[in-house]
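Asker: One structure follows; several queries about it will come next.
The values are calculated or read from the model by the stated rules, or taken from the named source; none is laboratory data. Being a predicted model, the structure only gives us computed values, none of them experimental. A quick note on method: Cβ atoms are made from the backbone with ideal geometry, for glycine too, and the neighbour counts reach across all protein chains shown. SASA here: full protein model, heavy atoms, side chains in, ligands and nucleic acids out. Shrake-Rupley method; radii C 1.70, N 1.55, O 1.52, S 1.80 Å.
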Amino acid sequence: MNFELTEERQMLQDTLRRFLRDRYDVPTRNAILESESGMSSEIWNQIAELGVLGALFTEDDGGFGGKGFDIAVVFEELGRAGVVEPILETCILGGGLIAALGNETQKALLESIIGGETRLALAHGEPRARYDLNRVETRCDAGKLNGHKSMSLGAPNAEHIIISARESGAVDDDDGISLFLVPASALDLRSTPMMGGGMAADIWLEDVSVTDDMRLGPKGAALPYLESAYAAAITATCAQTLGAMETATRLTTEYLQTRKQFGRPIGTFQALAHRLADMLVELEQARSAVIGVAGYLEADPKLRDRHVSMAKNLMGRIGRQIAEESIQMHGGIAMTQEFELAHIAKRIIMADHFFGDVDHHLERFIGLSAA
């Protein structure tokens, strides 16, 4: 198998890396994190102008990519730079579901999504759902949505939010779940900044009116499409975590080569050199996991989901090790907001809690392997 990037993906990677290196420095990121919106509309528009958002959609949907390796290339660079803008929420979750399920009117939004004019979010998680995608207590009865969606990523900055609701069955049935594309202005959002960057919102639904033409796809058949969207989102998260780990390892290497004790760089001390070597070995294992999950994203759902859970579990374990080792070898400077590693380490740790943590995906992998 050839693991080298195609010429088009290499160009995309180089273009995005140069842009983020020049524009997304520590002061810029800190200013974004301190802003009310938690994102930069200017950076968002510039990323869209570069064509980056189009790389996350297929040609049929108006883009020029949309495959697993396209997602991995983009999000590895976003993770390397610590980008906090809601690209995953808009393009992978929201945009992915519209591309898969939308009617002609709904799919017309894709052009403005790729162009950067429209942002989306998915409100699926609920307080008692843990990470189980089939557990939905929010209901749609007689055209009214009632329920509570918790920590909906990217919702505070979205123009449209996709709401999952049960139209039939028990709270944990696979069948009966539908998706509705609702204007964010019609919803009661309570926003909160997330550790490591980005915004989320709890959404209280009290007799929110929806019509049949707001439904995405057939009635009560959304679960397989949610599983596919989450598989793509986990692939993106794994790639983003890999990029962040690369930055953490680079910063640690540079620090060990420049910080001196007893008249020589501390990287020459055997104990620290061995710890750095372990980080580099684990980083390459993480890279292999990302390549694997990206390669299987279009595979049979059962095979795909096994690789998704395997990669997510591995990235969570390796990510914590690299984040902790980086901070320990830097000392106190690693905890200051003015130093890049402080933000990168938070992003790595928080990524484990998105779309299922290490324990959830270990259980899921075992279940899928035994089935």
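Asker: Failed condition for E340, given (1) of a type outside the set (A, V, I, L, M, F, W, C); (2) open to solvent by less than 20 Å² (accessible area, probe 1.4 Å); (3) closer than 20 Å to T253 by Cα, with all others met?
Answerer: Checking E340 against (1) of a type outside the set (A, V, I, L, M, F, W, C); (2) open to solvent by less than 20 Å² (accessible area, probe 1.4 Å); (3) closer than 20 Å to T253 by Cα, the one that fails is (2).
Asker: Could I ask something else about it? From the set of residues in region 56-75 that are within 18 Å of L109 (Cβ to Cβ) and part of a helix (DSSP H, G or I), which is least open to solvent (accessible area, probe 1.4 Å)?
Answerer: L56
Asker: If you don't mind, there's one more thing I want to ask. Return a yes/no flag: does region 232-247 have any residue that is of a type in the set (S, T, Y) and within 15 Å of R320 (Cβ to Cβ). If you could, list the steps in order and put the result at the bottom.
Answerer: Going through region 232-247, the residues of a type in the set (S, T, Y) turn out to be 235, 237, 241, 247.
Then keep just the ones that are within 15 Å of R320 (Cβ to Cβ); that gives 237, 241.
Checking region 232-247: at least one residue is of a type in the set (S, T, Y) and within 15 Å of R320 (Cβ to Cβ).
Asker: Could you please tell me which pairs satisfy a Cβ distance under 8 Å, a separation of 6+ or placement on different chains, a first residue in region 100-124 that is in contact (Cβ under 8 Å) with a residue 24 or more places away in the chain and open to solvent by 40 Å² or more (accessible area, probe 1.4 Å), and a second residue that is in a helix (DSSP H, G or I) and not hydrophobic (A, V, I, L, M, F, W, C)?
Answerer: Listed pairs, sorted by first residue: A100/Y225; A100/S228; N103/D213; T105/D213; K107/D61.
Asker: Scan region 239-262 and give yes if some residue there is touching a residue at least 12 places away in the same chain (Cβ under 8 Å) and under 30 Å from H148 (Cα atoms), otherwise no. Working first, answer last.
Answerer: Of region 239-262, the ones touching a residue at least 12 places away in the same chain (Cβ under 8 Å) are 239-249, 251-253, 255-256.
Narrowing further to those that are under 30 Å from H148 (Cα atoms): 240-241.
Yes, that holds for at least one residue.
Asker: Just to verify a result, which residue in region 9-50, among those that are in a loop (DSSP other than H, G, I, E, B) and without any contact (Cβ under 8 Å) to a residue 24 or more places away in the chain, is most open to solvent (accessible area, probe 1.4 Å)?
Answerer: Restricting attention to region 9-50, the residues satisfying the condition of being in a loop (DSSP other than H, G, I, E, B) are 24-25, 35-40, 50.
Right, trim to without any contact (Cβ under 8 Å) to a residue 24 or more places away in the chain and you get 25, 35-36.
Numbers: D25: 70, S35: 43, E36: 174 Å².
Within region 9-50, the match that is most open to solvent (accessible area, probe 1.4 Å) is E36.
Asker: Further, regarding this structure: Which pairs do you get when a residue that is touching a residue at least 24 places away in the same chain (Cβ under 8 Å) and under 15 Å from E246 (Cβ atoms), found in region 272-293, comes within reach of a residue that is surrounded by fewer than 18 Cβ atoms within 10 Å (Cβ to Cβ) and of a type in the set (V, I, T), reach meaning Cβ atoms under 9 angstrom, with the pair 6+ apart or on two chains?
Answerer: L276/T253; M279/T253; L280/T253
Asker: Right, here's the next one. In region 125-154, what residues are open to solvent by less than 40 Å² (accessible area, probe 1.4 Å), in contact with a Leu (Cβ under 9 Å, 6 or more places away or on another chain) and in a strand (DSSP E or B)?
Answerer: Hits for region 125-154 are L145, G147, K149, S152, L153.
Asker: Would you check if L93 is closer than 26 Å to L56 by Cβ and not in a loop (DSSP other than H, G, I, E, B)? Full working, then the answer.
Answerer: Values: closer than 26 Å to L56 by Cβ: yes; not in a loop (DSSP other than H, G, I, E, B): yes.
It is true that L93 is closer than 26 Å to L56 by Cβ and not in a loop (DSSP other than H, G, I, E, B).
Asker: Using the structure shown, decide if L205 is assigned to a helix (DSSP H, G or I), open to solvent by less than 10 Å² (accessible area, probe 1.4 Å) and in contact (Cβ under 8 Å) with a residue 12 or more places away in the chain. Before you say what the answer is, go through the steps one by one.
Answerer: On the way: assigned to a helix (DSSP H, G or I): no; open to solvent by less than 10 Å² (accessible area, probe 1.4 Å): yes; in contact (Cβ under 8 Å) with a residue 12 or more places away in the chain: yes.
In short, no.
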